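Beneath this line is the structure, given in structure tokens, with notes to follow.
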């Protein structure tokens with residue numbers, strides 16, 4: 001069993017050592033963050049603390065720091081939680097699994113150990129310092145995840161979620177038995193406009209007209225938008241709206257709790273905020289954002305569906321999120337996974353995400369790999385040409 005703070009020198013890597021911690025509070029925040037990019041907020045000590053302190057899904061954790069000599073070479077957070085393996089399935093596969101689950105609720109619900117946090121924001125939490133031996137780091141982390149999975153009773157091991165450039169660098173994990181499977185793509189809007197009016201003017205007519213319809217509905221109904229840095233007092237309302245979204249969500253790895261929203265507001269400070277859609281003095285929709293120096297991330301949304309259609313709540317909320325990113329002179333707006341039709345109509349483009357999966361038992365691994373195309377179908381939203389060429 002791993003002892004918090006203990007130093008272990010893997011026999012196959014005399015120049016590398018590992019320190020592992022059960023609680024992120026036992027890790028020096030400045031050392032953990034030292035190899036992160038300034039925009040990399042979801043891998044920071046603070047964000048990991050938000051997940052662990054709020055006890056999302058009751059996950060167990062192990063935070064791994066890999067050293068080359070005295071220098072930090074990599075950091076990663078491991079987490080363990082119960083997962084419905086049909087999370088990404090669709091069509092006949094999902095219908096069949098749902099039929100079985102009505103009779104046997106635990107069907108395809110298994111404990112999974114992740115190299116990743118127990119939240120679904122389309123980002124990995126593995127960071128490797130420049131100059132470190134990536135293949136060796138991956139071998140070390142594969143060993144750590146194996147041990148963590150064995151200690152926590154996880155039957156499946158998973159590295160999640162990696163963009164194309166990151167995914168290519170994970171090829172060495174194939175030698176440890178992992179296979180690649182598609183996750184949900186993420187959406188990103190590259191921002192090249194100095195104002196929202198300029199952004200709107202650059203749209204092709206059909207897409208601009210759709211935004212203008214929502215803007216007119218906003219004006220007619222007296223809808224207001226408030227951008228707040230401290231959304232602590234609004235957390236209960238935002239959480240309630242988030243719950244409405246999750247009640248309708250097609251894909252759910254986890255369900256966040258109210259504590260997550262409060263911890264996020266408290267620990268991220270000025271690097272988080274909320275856009276609130278207010279109608280008749282009541283918050284009818286909300287977006288929780290992260291603010292990096294060059295990147296704004298649309299992290300979470302909440303919607304009052306009783307008012308959604310009347311005031312175009314979600315389209316108007318996304319409109320204001322785009323406007324806020326432009327006001328902040330961000331280079332890009334990360335818009336997350338799902339709701340592709342709407343996000344792509346605002347000019348976002350999709351980027352694929354991969355996971356790497358392995359079962360700890362050989363027979364189970366062969367079975368999972370055989371049914372992987374049904375459990376992990378490829379999702380390719382239709383690309384759109386929203387803006388005219390510069």
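The values are calculated or read from the model by the stated rules, or taken from the named source; none is laboratory data. Not measured: the values here are computed from a predicted model. Cβ placement follows ideal geometry from the backbone for every residue including glycine, while neighbour counts extend to all protein chains displayed.
Against the conditions (1) in contact (Cβ under 8 Å) with a residue 24 or more places away in the chain; (2) under 30 Å from residue 173 (Cα atoms); (3) outside any loop (DSSP other than H, G, I, E, B), where does residue 338 fall short? Just the number, please.
For residue 338, the failing item is (3).
Just checking, how many residues over the stretch 136-164 are part of a helix (DSSP H, G or I) and either under 21 Å from the mean Cα position of the chain (by Cα) or within 28 Å of residue 351 (Cβ to Cβ) (or both)?
As a first pass, look at the stretch 136-164 and keep what is part of a helix (DSSP H, G or I): 136-152, 164.
Those still in the list that are either under 21 Å from the mean Cα position of the chain (by Cα) or within 28 Å of residue 351 (Cβ to Cβ) (or both) too: 136-142, 144-145, 164.
Qualifying residue count for the region: 10.
Here's a check for you: in the stretch 270-281, which residue that is outside any strand (DSSP E or B) and touching a residue at least 12 places away in the same chain (Cβ under 8 Å) is surrounded by the fewest Cβ atoms within 10 Å (Cβ to Cβ)? Outline the logic, then answer.
Start the filter on the stretch 270-281 by keeping residues that are outside any strand (DSSP E or B), which leaves 270-271, 280-281.
Those still in the list that are touching a residue at least 12 places away in the same chain (Cβ under 8 Å) too: 270-271, 280.
On the way: 270: 8, 271: 18, 280: 10.
Per the stated criteria, the residue is 270.
Determine whether residue 323 is surrounded by fewer than 20 Cβ atoms within 10 Å (Cβ to Cβ), in contact with a helix residue (DSSP H, G or I) (Cβ under 6 Å, 6 or more places away or on another chain) and in contact (Cβ under 8 Å) with a residue 60 or more places away in the chain.
Yes; evaluated as a whole, the condition is true for this residue.
Yes or no: residue 344 farther than 20 Å from residue 163 by Cβ, buried (at least 20 other Cβ atoms within 10 Å of the Cβ) and either at pLDDT 95 or above or touching a strand residue (DSSP E or B) at 6+ places or on another chain (Cβ under 6 Å) (or both)?
Values: farther than 20 Å from residue 163 by Cβ: no; buried (at least 20 other Cβ atoms within 10 Å of the Cβ): yes; either at pLDDT 95 or above or touching a strand residue (DSSP E or B) at 6+ places or on another chain (Cβ under 6 Å) (or both): yes.
Judged against the criteria, residue 344 is not a match.
Would a scan of the stretch 286-307 turn up a residue that is farther than 27 Å from residue 254 by Cα, more than 20 Å from the chain's Cα centre (by Cα) and assigned by TED's automatic domain parsing to the domain that holds residue 249? Can you show your working first?
Of all residues in the stretch 286-307, those farther than 27 Å from residue 254 by Cα come to 293-294.
Narrowing further to those that are more than 20 Å from the chain's Cα centre (by Cα): none.
Checked against the condition, which is being farther than 27 Å from residue 254 by Cα, more than 20 Å from the chain's Cα centre (by Cα) and assigned by TED's automatic domain parsing to the domain that holds residue 249, the stretch 286-307 yields no hits at all.
To keep it simple, each residue is scored yes or no on (1) on the phi > 0 side of the Ramachandran plot; (2) part of a strand (DSSP E or B); (3) modelled with pLDDT under 95.
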site: 3; (1), (2), (3): no, no, yes
site: 12; (1), (2), (3): no, no, yes
site: 17; (1), (2), (3): no, yes, yes
site: 20; (1), (2), (3): no, yes, no
site: 31; (1), (2), (3): no, no, no
site: 39; (1), (2), (3): no, no, no
site: 53; (1), (2), (3): no, no, no
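Given 317, 344, which one is closer than 26 Å to residue 246 by Cβ, in contact (Cβ under 8 Å) with a residue 60 or more places away in the chain and part of a helix (DSSP H, G or I)?
Numbers: 317 fails: in contact (Cβ under 8 Å) with a residue 60 or more places away in the chain.
Only one candidate passes the filter, namely 344.
Which helices (runs of 4 or more DSSP H) sit wholly inside the stretch 192-264 and have at least 3 residues that are surrounded by 17 or more Cβ atoms within 10 Å (Cβ to Cβ) and more than 22 Å from the chain's Cα centre (by Cα)? Give the derivation first.
Values: elements: 196-201, 205-220, 235-248.
Ranges flagged: 196-201, 205-220.
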